[in-house]
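What follows is a single structure, written as structure tokens, with notes after it.
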Amino acid sequence: MTEVSSAIGFSIAHACLMHGHNVVGSALTPERMRVSARLGHPGQFAFVVGDIAKPAATRTLFDTAIERFGRVDVLINNLSGVVAKPLADYSNEDLEYMVAAPLRGFVYLSRHAARYMSARRCGHIVSVTASVAMQGREQVTTQLPSLLAGGVDHATRALAADLAPCNVMVNLIAPETFISRQTTGTAGTTPDLTIQRIVDVVLHVAGLADALSR
């Protein structure tokens, strides 16, 4: 899975480990990876440092999983990089940041997973984004996030149809805003979900938990 150093990514990885699953997680920098080191479980967890917006990092993520644990059953693509501001205020750097992991990373990871899983005729690709990036809220300007997330949404539907004959499932989860340090006090947002509830849904959809936590 990607972005294990983020709030949601860390929590998903921790839950997977608690359910007894092996996890290979990526983070952009060694500094971010040190955050993920708190997960523990060295026998079940492998770290990969790399930029998933580059094809080489995607290959490394899959190669590490196969070398360490034998196969890849589920890809959890934790999409990040939402910058909410009026379109006229976006800098070139903002655009590059948002196109990197949320778009290039989605394409490279999904492409690699599609090739690998279709050959094995099993697997599950789950992408996690934010609904605010797909449908703006009052006082939250999201033209560019909506453009990118909308593309990912439609691409997910098309990929699901393409891979269904190969017994590979593809899903996109877009939770409402959630309670974290990043959302607390943000203008126009009212956290609707705890991170734990989002984790429950992700594990349920990915087939990694027997039932939702109560």
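The values are calculated or read from the model by the stated rules, or taken from the named source; none is laboratory data. All values derive from a computational prediction rather than experimental measurement. So basically every Cβ, Gly included, is an ideal-geometry build from the backbone, and we count neighbours across all protein chains shown.
What tally of residues in the stretch 162-178 results from selecting those that are within 16 Å of the chain's Cα centre (by Cα), surrounded by 19 or more Cβ atoms within 10 Å (Cβ to Cβ) and modelled with pLDDT of 95 or more?
Selection size over the stretch 162-178: 1.
Taking the conditions exactly as written (out of contact with any His (no Cβ under 6 Å at 6 or more places or on another chain), at pLDDT below 85 and either of a type in the set (A, V, I, L, M, F, W, C) or part of a helix (DSSP H, G or I) (or both)), does Leu159 satisfy them or not?
no
Please verify whether the stretch 23-36 includes one or more residues that are of a type outside the set (Gly, Ala, Ser), more than 23 Å from His204 (Cα to Cα) and buried (at least 17 other Cβ atoms within 10 Å of the Cβ).
yes
With the requirement that a residue be within 19 Å of the chain's Cα centre (by Cα) and in contact (Cβ under 8 Å) with a residue 12 or more places away in the chain, what does the stretch 31-41 give you?
Arg32, Met33, Val35, Ser36, Leu39
Could you list, in sequence order, the residues of the stretch 52-68 that are of a type outside the set (S, T, N, Q) and either touching a strand residue (DSSP E or B) at 6+ places or on another chain (Cβ under 9 Å) or without any contact (Cβ under 8 Å) to a residue 12 or more places away in the chain (or both)?
Result: Ile52, Ala56, Ala57, Leu61, Phe62, Asp63, Ala65, Ile66, Glu67, Arg68.
Tell me which residues, restricted to the stretch 69-89, are touching a residue at least 40 places away in the same chain (Cβ under 8 Å) and surrounded by fewer than 15 Cβ atoms within 10 Å (Cβ to Cβ).
Answer for the stretch 69-89, where residues must be touching a residue at least 40 places away in the same chain (Cβ under 8 Å) and surrounded by fewer than 15 Cβ atoms within 10 Å (Cβ to Cβ): Arg71, Pro86, Leu87.
I'm trying to understand the selection: among the residues of the stretch 186-214, which are in a loop (DSSP other than H, G, I, E, B) and either buried (at least 18 other Cβ atoms within 10 Å of the Cβ) or modelled with pLDDT of 85 or more (or both)?
Thr189, Ala206, Gly207, Leu208, Ala209
Within the stretch 43-56, restricting attention to residues that are among the small types (Gly, Ala, Ser) and closer than 26 Å to Met18 by Cα, which residue is surrounded by the most Cβ atoms within 10 Å (Cβ to Cβ)?
By that ranking, first place goes to Gly50.
Being surrounded by 13 or more Cβ atoms within 10 Å (Cβ to Cβ) and touching a Pro at 6+ places or on another chain (Cβ under 7 Å): is that true of Tyr108 here?
yes
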